[in-house]
Every structure is written in structure tokens, then in C-alpha cells.
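The values are calculated or read from the model by the stated rules, or taken from the named source; none is laboratory data. What you are looking at is a predicted structure, and each value in this text was computed from that prediction instead of being measured. A quick note on method: Cβ atoms are made from the backbone with ideal geometry, for glycine too, and the neighbour counts reach across all protein chains shown.
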Amino acid sequence: MRLMFAAALMSVAVATSASAQSKQDFTLVNRTGYDISEVYVSPSKADDWEEDVLGDSELGDGVQTTIRFKRAGKTCKWDLKVVYSDDDSSAVWNNIDLCSISKITIRYNRKNDQTSALFD
């Protein structure tokens, strides 16, 4: 059985860019009720996950973070994976068009044990 999840919002950078924003940059909002210990963002065509963009930090419930890309890439389709602190379970979303959205809000529904994401 999957445990309930919680997430928080905080500012984290995939890679920093002082002057220019990449079209793939987005805000990740945690509305799950649980802390997130790891966040991965990889091109959809990749065979493995990139680095944990949170590093040693956690993303608490009710907190948001901005995921920034070092430079604009040609790829718009990305996969997102979050890992929860309480039980190391995870949720994954595939083929997210980061060129057309700027905010992802993650929610957990305890009644049906489902984690979902709203893309804005």
C-alpha cells in the first residue's frame, strides 16, 4: 500500500542562470501533505534520471520551488519524478511539455490513494 504523500515548495535550481530564463523553467508546488526528499527531471527520451535537483534539501508540504535549466535546450518533452521522505515511494509523470507550461502542482488524494498533477 502506498503511503500518503506530502510536498512543499522551495526554490531549487536544476542549474543556475543569472540573466536568462530557459523556456523549460517551471515552478513545482507541493500540495500532497507530505515532504518530498528527491525531485528528478529528465528528457523524455532519456534512459535514466538526471541528478536529484533538491540535493540535500527537502520540499515540504505547501512549499513551491522554481526548477531552472542552465540553458535553453531543443527538448520540450520532459519526465518528472518525485520521491517522498516518509517511505521512499515515488510518483512519475511522463512527456510533460515544459515549453508550454510554467507551473506544476502535485496533489495527493487520500480517499482514492492517487497522486495527481495539475499543469498550468
* To do: Provide a single number: the residues in region 57-87 that are over 15 Å from the mean Cα position of the chain (by Cα) and either buried (at least 18 other Cβ atoms within 10 Å of the Cβ) or without any contact (Cβ under 8 Å) to a residue 24 or more places away in the chain (or both).
  => 1
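Results for (1) over 25 Å from residue 100 (Cβ atoms); (2) modelled with pLDDT of 95 or more; (3) basic (Lys, Arg), shown as yes or no for each residue.
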position: 2; (1), (2), (3): yes, no, yes
position: 8; (1), (2), (3): yes, no, no
position: 29; (1), (2), (3): no, yes, no
position: 37; (1), (2), (3): yes, yes, no
position: 42; (1), (2), (3): no, no, no
position: 49; (1), (2), (3): no, no, no
position: 64; (1), (2), (3): no, yes, no
* Subset of region 31-51 [in a loop (DSSP other than H, G, I, E, B) and either surrounded by 18 or more Cβ atoms within 10 Å (Cβ to Cβ) or within 13 Å of the chain's Cα centre (by Cα) (or both)] -> 32, 34, 35, 49, 50, 51
* Asked: Limited to region 90-108, what total is found for residues that are surrounded by 13 or more Cβ atoms within 10 Å (Cβ to Cβ) and farther than 20 Å from residue 51 by Cβ?
  -> 7
